[in-house]
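Colleague: So that we are looking at the same thing, I have put the structure below in structure tokens.
Computed from the coordinates by the stated procedures, all read-outs in this text should not be read as laboratory data. None of these values were measured; they are calculated from a predicted model. Counting neighbours? That spans all protein chains shown, and the Cβs are built from the backbone with ideal geometry, glycine included.
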Amino acid sequence: MLIEGQNITVEKETGRILDNVSLRIDEKDFLTIVGPNGAGKTMLLKCLVGVLSPDSGQVTHKPSLSIGYMPQSMEIDPVLPLSVRRFLSLNLSIKADFLSEIVNETDIAMLLDRQMHNLSGGEIQRVMLARALARDPDLLILDEPAQNLDISGQLEFYKLLERIYHNRQKAILMVSHDLHLVMASTKKVVCLYHHVCCSGAPQAITRDPEFISIFGDDLSKMMAVYPHEHDHDHVTGEGH
Amino acid sequence: MSALIAPLVLAVIAGPVGCLIIWRRMAYFGDAIAHSALLGVALGLFIGFAPNIGVALICAIFAVLLVYLQHRRKLSIDTLLGILAHGALAFGLLLVFWSALETGHDTHNGANHNIDPHTLLEIYLLGSLENISMNQNIILIVGASLIAIILKLIWEPLILMTLNIDLARAEGVPTLRLQYIMMGIMTALVVMGLQITGVLFITSLLIMPAAAARQISTTPEKMILWAIIFAFSGVLTGYLASHEAHLPPGPSIVSALTIIFIISLLISVFLRRKNPRI
């Protein structure tokens, strides 16, 4: 077990954002949280990472768990002059060859001397992913990592993510809107709407009546016929 | 010569602290704390202890209050800061006049007994050139060194937190503690600088060199170096000019800093033409 959240509840003036949500991430999991806007997905990630403490419920981390966290939409304030190179090693001691490995993996070598506030949305996402990887994490937690990208950028990003998953054999927990793109690579989907509506393998979940009631019949039919071409074998996970 | 020690020490430490203030968008906070300082002076005079202690006390209370209020969101933070700052200023001004009237009648009350309230206000609002004692110089140097050491220790997490607070928190940075430390440093600096630039100009001494430095810097450290250089030159010219022409030091220093800022702006336009990536 890497992280276990038990009965996480978060209240806001507008009502319950999270209602008794329990979620467990094991080693080598690839888990995607889907759900409509305002369903509490970001809040749940923040609770699991430890950025927020829930009003009730419990979050347990594996001892000395290292998390690479990528927050939702980084806005870089131009008042702070900071190069990408400096950002990657900020508050972090990282060996030069490990850094260059990550830089190559995320394809940001030509960005290193650019200023953070001059990056485009897609460039920021890759740099943020590199920063998350720089901590050599046991678990990547990504909050809508592809949201600022165009469709081909999204495809690229998810391919990159899948490559990282297979090369490193580390766990990934991700919030995403891009159901159709995520279905192919993720091993497990959790559908969240303030509470966990349903969860399971991506192919099975699209037939779940709760899923259909939230996302509509059309989407689930679309998902059902979406071809899942796997040109590789997934490592069989255990402990679901 | 020794009259220059305090202003120049202040200028050097204003460099890094000023940069942090503009990165973390705390200029309003600095202003509110500075304005509350006058209330501290007045309370000190009124009750009869050293104004510096009154200032430190009131500023510390305001700083804690401000961090606390940051998390309440019925009124926006700039509204709250405006109320606190000018409320404190108004009460402070009234109290200065009142205590001046009181002490005017009371001849037992030591050195302050015949200070005209207008002179007193001029000193606290606009700064004074009055000789600063060796003891005060030493306190200033020790204080500035302490601030420099603390900043050095928390520098990297502080920058990370400035960039993105969620990311910093996720990576284990104690963000709330750092916020309080920053407030403490800013309060200390306001108290230290009050006598030299006055209530109205202390924030400008902090943010103007940093803002000028931003125009021509590509790393946080370069920005700090330039901020120190600008603060140093601005304070030196302003202070000397005010000495020669018998003008209050606060406005003289800030006028010099304003000219420096305008020059840096022009330089940055020129640089950007050559290299648009800065």
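Colleague: Taking the square root of 5 times each eigenvalue of the Cα gyration tensor, what semi-axes in Å does the equivalent ellipsoid of the range B:2-197 have, largest first?
Modeller: Ellipsoid half-lengths, sorted descending, are 33, 21, 12 Å.
Colleague: Taking the Cβ of each residue in A:Lys12, A:Lys170 as the centre, tally the other Cβ atoms inside 10 Å and list the residues starting with the fewest.
Modeller: A:Lys12, A:Lys170
Colleague: OK, next. Any idea which of B:Thr175, A:His61, A:Leu18 is furthest toward the positive side of the dipole for the protein assembly as shown, if Lys and Arg beta-carbons carry +1 and Asp and Glu beta-carbons -1?
Modeller: Ranked along the dipole, the leading option is B:Thr175.
Colleague: Could you work out how much longer the chain between A:Asp77 and A:Arg114 gets when fully extended? Use 0.36 nm per residue separation minus the Cα distance between them, nm to one decimal.
Modeller: 11.9 nm
Colleague: Would you mind calculating the relative contact order of the range B:139-276 from Cα pairs under 8 angstrom and at least 6 residues apart, reporting the percent as a whole number?
Modeller: 20 percent
Colleague: Something else: Cα centroids of the range A:65-126 and the range B:248-278: how far apart, whole angstrom?
Modeller: Cα centres, the range A:65-126 to the range B:248-278: 30 Å.
Colleague: Right, something else. Show me A:149-158, B:209-218, A:186-195, B:33-42 ranked by packing, highest mean number of other Cβ atoms within 10 Å first.
Modeller: B:33-42, B:209-218, A:186-195, A:149-158
Colleague: For peptide A:73-82, how many partner chain Cβ atoms fall within 10 Å of a residue's Cβ, on average?
Modeller: 6
Colleague: Here's a follow-up. What order do you get for A:159-165, B:11-17, A:14-20 when each peptide is scored by the mean count of other beta carbon atoms within 10 Å, highest first?
Modeller: B:11-17, A:159-165, A:14-20
Colleague: Identify the chymotrypsin sites (Phe, Trp or Tyr not before Pro) of the range B:1-84 meeting these criteria: DSSP loop state and at most 16 other C-beta atoms within 10 Å of the C-beta.
Modeller: Taking the range B:1-84 and a limit of 16 other Cβ atoms within 10 Å, the loop chymotrypsin sites (Phe, Trp or Tyr not before Pro) found are B:Phe49.
Colleague: Something else now. So for B:Val190, B:Val64, fewest C-beta neighbours within 10 Å to most, what's the order?
Modeller: Final ranking by Cβ density, sparse to dense: B:Val64, B:Val190.
Colleague: Collect residues whose amide H, placed 1.01 Å from N in the peptide plane, falls under 5 Å from the amide H of A:Ser22; neighbours closer than 5 in sequence don't count.
Modeller: It is A:Asn7, A:Ile8, A:Val196, by chain and number.
Colleague: Something else now. Nearest 5 percent is fine: what portion of the DSSP beta bridges confined to the protein assembly as shown is antiparallel?
Modeller: Approximately 50 percent, going by the DSSP bridge assignments.
Colleague: Moving on to the next point. Along the charge dipole of the range B:2-197, which of B:Ser99, B:Gly143, B:Leu194 sits closest to the positive end, that is, farthest toward it, with unit charges on the beta carbon of Lys, Arg, Asp and Glu (+1, +1, -1, -1)?
Modeller: Working it through, the farthest residue towards the positive pole turns out to be B:Gly143.
Colleague: Other chains near A:84-91: what is the mean number of their Cβ atoms within 10 Å of each residue's Cβ?
Modeller: Taking the mean over all residues of the peptide, I get 4.
Colleague: Can you put A:Phe215, B:Phe201, B:Phe232 in order, fewest other beta carbons within 10 Å first?
Modeller: Ranked by crowding around the Cβ, least crowded first: B:Phe232, A:Phe215, B:Phe201.
Colleague: Diagonalise the Cα gyration tensor of the protein assembly as shown and give the resulting equivalent ellipsoid semi-axes, square root of 5 times each eigenvalue, largest first, whole Å.
Modeller: 55, 26, 18
Colleague: Let me ask another. I want to check the label-to-label distance for B:Glu122 and B:Leu176. Put each point 7 Å from Cα in the C-beta direction and report it in nm to one decimal.
Modeller: 4.8 nm
Colleague: For chain A, list log₁₀ I(q)/I(0) at each q in 0.12, 0.15 Å⁻¹, using the Debye formula over Cα point scatterers of equal strength and ignoring solvent, two decimals each.
Modeller: -0.70, -1.09
Colleague: Moving on to the next point. Relative contact order of the range B:2-197, please, whole-number percent, based on alpha carbon pairs below 8 angstrom and at least 6 residues apart.
Modeller: It rounds to 32 percent for the range B:2-197.
Colleague: Considering every residue in B:160-168, what mean count of other chain Cβ atoms within 10 Å of its Cβ is obtained?
Modeller: Per residue, the number of nearby Cβ atoms from other chains is 6 on average.
Colleague: A follow-up question, please. Mean residue ellipticity at 222 nm from the helices of chain A, using -39,500 (n - 2.57) per DSSP H segment of n ≥ 4 over the full residue count, to the nearest 500 deg cm²/dmol?
Modeller: After summing the helix terms and dividing by residue count, I get -10000 deg cm²/dmol.
Colleague: Now for a different question. Over 26 Å between C-alpha atoms is what I'm after, so list which of A:Lys41/A:Lys187; A:Lys46/B:Lys74; A:Lys46/A:Lys95; A:Lys95/B:Lys222; A:Lys41/A:Lys188; A:Lys12/B:Lys74 land there.
Modeller: In this structure, A:Lys46/A:Lys95 lie more than 26 Å apart at Cα.
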